[in-house]
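Reading through the structure tokens given below for one structure.
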Amino acid sequence: MDRPHAHCVRCPPRGRTGPFGRPGVPRAAAFIFDIDGTIIDSMPFHERSWDVFLTRRGVPTVGEDFFRRTAGRTGVEVMRELFGSLSDADVQAFVREKESIYRELFAPEFREIAGFKAFARAAKAAGVRLACATAGDPDNIAFALGGLAMRDFFDAAVGAHDVARGKPEPDLFLLAAARIGADPGECLVFEDAPLGIEAARRAGMRAVAIASTVPADELGAPAHVVARAQDFTTLDPRELAARLST
């Protein structure tokens, strides 16, 4: 896979300063990160955990198209699609079982998407507000942030338990913005999945496409996507934040 480069402006408008007078970062800038496939390299392990879970249930494995079509939806939504009419208790039990398998598989090989922690720390140092918005459940959020040693790093974290609808609906991103006191136009979403890119558009936010899971050309080229990159090593948080002021 070719490594796409981020396309960002080189400098902010003349005279614009960021927090505490630092140039290049608008005072209101906020970054909202998806988790799986965006800040941690977990998607292959989610796919494997679905295979294990469905095999236990005697259900044929579902294939790559299923994973791409459902990435960003909540576990409850996916279970109801797969199994039809289930009680709420059964759905929640299925979700807990599947996600427990995922964490067991990924824990020994846990890794960030390259460059994420350095990027996030630089953004925070520049005064950018930071949040996570994921279709994952509370246990997966704690697992991810604990694995990154960033449990108390973000200003807010929003998950499937907080909303009724997953992506491509905008609920997760809008709630994350509200929790950090940001208007949608002040937010830049980082996403690796087409449903997440669409959710950002519906939320009225701009986005950065992280092509760690899906090739960049399959993420499309919607107008609200301001940069594309395979990971965070080529991205500059000040340049990206400056895009929010244009």
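The values are calculated or read from the model by the stated rules, or taken from the named source; none is laboratory data. None of the values given here were measured: they were computed from a predicted structure. Because the Cβ atoms are built from the backbone with ideal geometry, glycine has one as well, and the counts that use them run over all protein chains shown.
Results, tabulated for the structure shown:
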read-out: Candidates ALA156, ALA216, ALA164 - the one that is in contact with a helix residue (DSSP H, G or I) (Cβ under 9 Å, 6 or more places away or on another chain) and either within 21 Å of ASP41 (Cβ to Cβ) or in contact (Cβ under 8 Å) with a residue 24 or more places away in the chain (or both); value: ALA156
read-out: Exclusive hit being in the same structural domain as ALA229 (by TED's automatic domain parsing), part of a strand (DSSP E or B) and of a type in the set (A, V, I, L, M, F, W, C), set LEU145, LEU195, LEU175, LEU188; value: LEU188
read-out: Residue, farthest from ALA29 (Cα to Cα), within the stretch 205-231, restricted to residues that are small (Gly, Ala, Ser) and assigned to a strand (DSSP E or B); value: ALA229
read-out: Residue match in the stretch 112-121 (condition: more than 30 Å from GLY181 (Cβ to Cβ) and either touching a residue at least 40 places away in the same chain (Cβ under 8 Å) or in the same structural domain as GLY166 (by TED's automatic domain parsing) (or both)); value: yes
read-out: Test: residue in the stretch 164-184 that is over 16 Å from the mean Cα position of the chain (by Cα) and of a type in the set (Lys, Arg); value: yes
